[in-house]
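The values are calculated or read from the model by the stated rules, or taken from the named source; none is laboratory data. The structure presented is a predicted model; accordingly, all values stated were derived computationally and were not measured. Don't worry about glycine lacking a Cβ; one is built from the backbone with ideal geometry, like all the others, and counts go over all protein chains shown. Just the protein is used for accessible areas: all its heavy atoms, side chains included, with ligands, DNA and RNA removed. Shrake-Rupley method; radii C 1.70, N 1.55, O 1.52, S 1.80 Å.
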There are 2 protein chains.
Amino acid sequence: MQASHTATDDAQAGFRNALVAAGLLIPTGVDGLYGRSGVFEEVVERFNDLITSWGRDDGAEVMRFPPALARHHFERSEYLKSFPQLAGTVHSFKGDERAHQTLLRRLEEGEEWTDGQMATNVVMTPAACYPIYPTVAERGPLGDDGALVDVYSYCFRHEPSLDPARMQLFRMREYVRVGTPDQVMDFRQSWLERGRALMESLGVPLAVDVANDPFFGRAGRMLAANQRDQGLKFELLIPITSEEKPTACLSFNYHQDHFGLLWDIRTPDGAVAHTACVGFGMERVALALFRHHGFDVRAWPGSVRAALWG
Amino acid sequence: MQASHTATDDAQAGFRNALVAAGLLIPTGVDGLYGRSGVFEEVVERFNDLITSWGRDDGAEVMRFPPALARHHFERSEYLKSFPQLAGTVHSFKGDERAHQTLLRRLEEGEEWTDGQMATNVVMTPAACYPIYPTVAERGPLGDDGALVDVYSYCFRHEPSLDPARMQLFRMREYVRVGTPDQVMDFRQSWLERGRALMESLGVPLAVDVANDPFFGRAGRMLAANQRDQGLKFELLIPITSEEKPTACLSFNYHQDHFGLLWDIRTPDGAVAHTACVGFGMERVALALFRHHGFDVRAWPGSVRAALWG
């Protein structure tokens, strides 16, 4: 059944068109794939610096990964179990000159040509923290302080949408904590409070609520319900194109021992490590700021400008 | 025939291992795919700011695109004609729950599972300037000043290599000029001089030479020879792991009317626009700096630190 056209669809398309008309987003003809103007990027960069200033005293180790991860790491991550529909594998042409001629002919004649592409060893990063777990595991048992990592990368999710706040390629900044259950829960609680205060300093309406990930299929519905019941995921929500369905701009995730077991990460006493992360949706926060303070950043409230431009 | 193992291979592997041991690069188990440490990133960021300071007076328009472009733009770009072996298409799972079970079983049993992935409308960006041409074309005829665009993105090229200076995912900063042949040639000449001066301020040995792109196949060899004969491509080369085969760190490209014709970009008098670009290989420059000034940025020469940290 075709999903019915709703007021939310109109609001999303309207906001997207306004962003494009203002030059903040550059359309590409593919839903969820946009260029950004210099002003849009400056807002993202200033917000990124603001996160750094709130997190600085924690002494996180900075790691920066490209927007893709190793396929063997991706395959082991169990992402395909939960979110097969969102993942993006990178494929290449591996043929000879004859195969190349065939490819070009099919392209020229408007035929399907992509089915000859072969998977590479590279998979799009679905969340900024995915490359971290094997990296931390590789180092051997944790020290008493566990690990705290600062990551930031473009991520891909295959979910074309009219909603400018649901891009196929978007940036996620994260802090990732690896350690004992106490260390990890303390980290998440601290960021639940800091995340709220940080966003309040930007003068946007917000609420924090329990949430779930978009698990695939029928079995996924049970996983989602379980995640909510256990309070494993919270989101900081800001209305962007809908008051009723505000947009998740930050998320606070407790993975329990999921990644610790997968990657065999151990605390000093030999127990399986727990992990948690706080994630900032950079484009979503920028869009929330443009939505609530207008498209002209010079006219934003003084307190918001002070928070971002210092 | 297997390529023979050379001294260059050893030098490349040795430099890579040293970078990994120093923590500057984080291995992933896939050649050409690395994480970067905070220090590595800081060098890239400072170099990026240095480029901006050299280009600032030109008043380029800043555009930032994700590391992928629209498939319909990619297909029209003729990249597949010249470099099919380097391109990366992004594929996703589009099946139902039954297909999902099959996928998971194949993954579990170590079988090939990626052949069920279907192409999305997203293709990895092969060079930072590719999304620019359709964007400029979409705006209609150029004004008298043409267009000058500042772009920066991660790029993908499927060429796994031991050489840390040949990554599969790397960043390219570019200025792109669109206009009359005179405007475009003036731009390229100006950046040939500025690029040399900019890199000399960083205290690295360098040479500028004519070059060609890695065109595919036998026909490609003729294209490459033609490109060299016409002086369409110059590279600024810095020895990183080999004196005999220095690494191209900047490139200065005159495309003549190639992109103007493809995208129907016109100058005010109705002629097909010409284009040129200067590209900075951000990881390659960072690697050249680490190679020539050492892994401890605090011990770099004062003049280099002054150029980067101001």
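Quick rundown of the values:
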| item | result |
| --- | --- |
| Residue match in segment B:66-79 (condition: within 20 Å of A:V151 (Cβ to Cβ) and open to solvent by 20 Å² or more (accessible area, probe 1.4 Å)) | no |
| Count - residues of segment A:123-134 that are under 30 Å from A:T247 (Cβ atoms) and within 8 Å of chain B (Cβ to nearest Cβ) | 2 |
| So B:A11, is it more than 11 Å from chain A (Cβ to nearest Cβ), touching a residue at least 60 places away in the same chain (Cβ under 8 Å) and surrounded by fewer than 18 Cβ atoms within 10 Å (Cβ to Cβ) | yes |
| Helices (runs of 4 or more DSSP H) enclosed by segment B:188-293 - at least 2 residues per element that are among the hydroxyl-bearing types (S, T, Y) | none |
| Cβ pairs under 9 Å, 6+ apart, first in segment B:95-114 and within 17 Å of A:H72 (Cβ to Cβ) and facing chain A (nearest Cβ under 8 Å), second open to solvent by 90 Å² or more (accessible area, probe 1.4 Å) and of a type outside the set (K, R) | B:T114/A:M118 |
| Any chance B:A21 is within 14 Å of chain A (Cβ to nearest Cβ), out of contact with any strand residue (DSSP E or B) (no Cβ under 9 Å at 6 or more places or on another chain) and open to solvent by 10 Å² or more (accessible area, probe 1.4 Å) | yes |
| Counted residues, segment B:120-166 - those being without any contact (Cβ under 8 Å) to a residue 60 or more places away in the chain, over 30 Å from B:R291 (Cα atoms) and not in a helix (DSSP H, G or I) | 7 |
| Within segment B:258-310, considering residues that are over 25 Å from the mean Cα position of the chain (by Cα) and surrounded by 20 or more Cβ atoms within 10 Å (Cβ to Cβ), the one farthest from B:A128 (Cα to Cα) | B:W300 |
| Residues of segment A:115-140 classified as open to solvent by 40 Å² or more (accessible area, probe 1.4 Å) and in contact with a Pro (Cβ under 6 Å, 6 or more places away or on another chain), total | 0 |
| Among (1) surrounded by 15 or more Cβ atoms within 10 Å (Cβ to Cβ); (2) over 25 Å from B:Q101 (Cβ atoms), the one test that A:V90 misses | (2) |
| Among (1) touching a helix residue (DSSP H, G or I) at 6+ places or on another chain (Cβ under 6 Å); (2) at pLDDT below 95 - the single one A:L250 does not satisfy | (2) |
| Any pair with Cβ under 6 angstrom, 6 or more apart, that starts in segment B:50-78 at a residue that is among the basic types (K, R) and ends at one that is open to solvent by 40 Å² or more (accessible area, probe 1.4 Å) | B:R71/B:N121 |
| Residue list for segment A:138-168, filter: under 22 Å from the mean Cα position of the chain (by Cα) and farther than 30 Å from A:T241 by Cβ | A:A147, A:L148, A:V149, A:D150 |
| Within segment A:53-65, tally of residues that are closer than 29 Å to A:W300 by Cβ and either within 11 Å of chain B (Cβ to nearest Cβ) or open to solvent by 50 Å² or more (accessible area, probe 1.4 Å) (or both) | 8 |
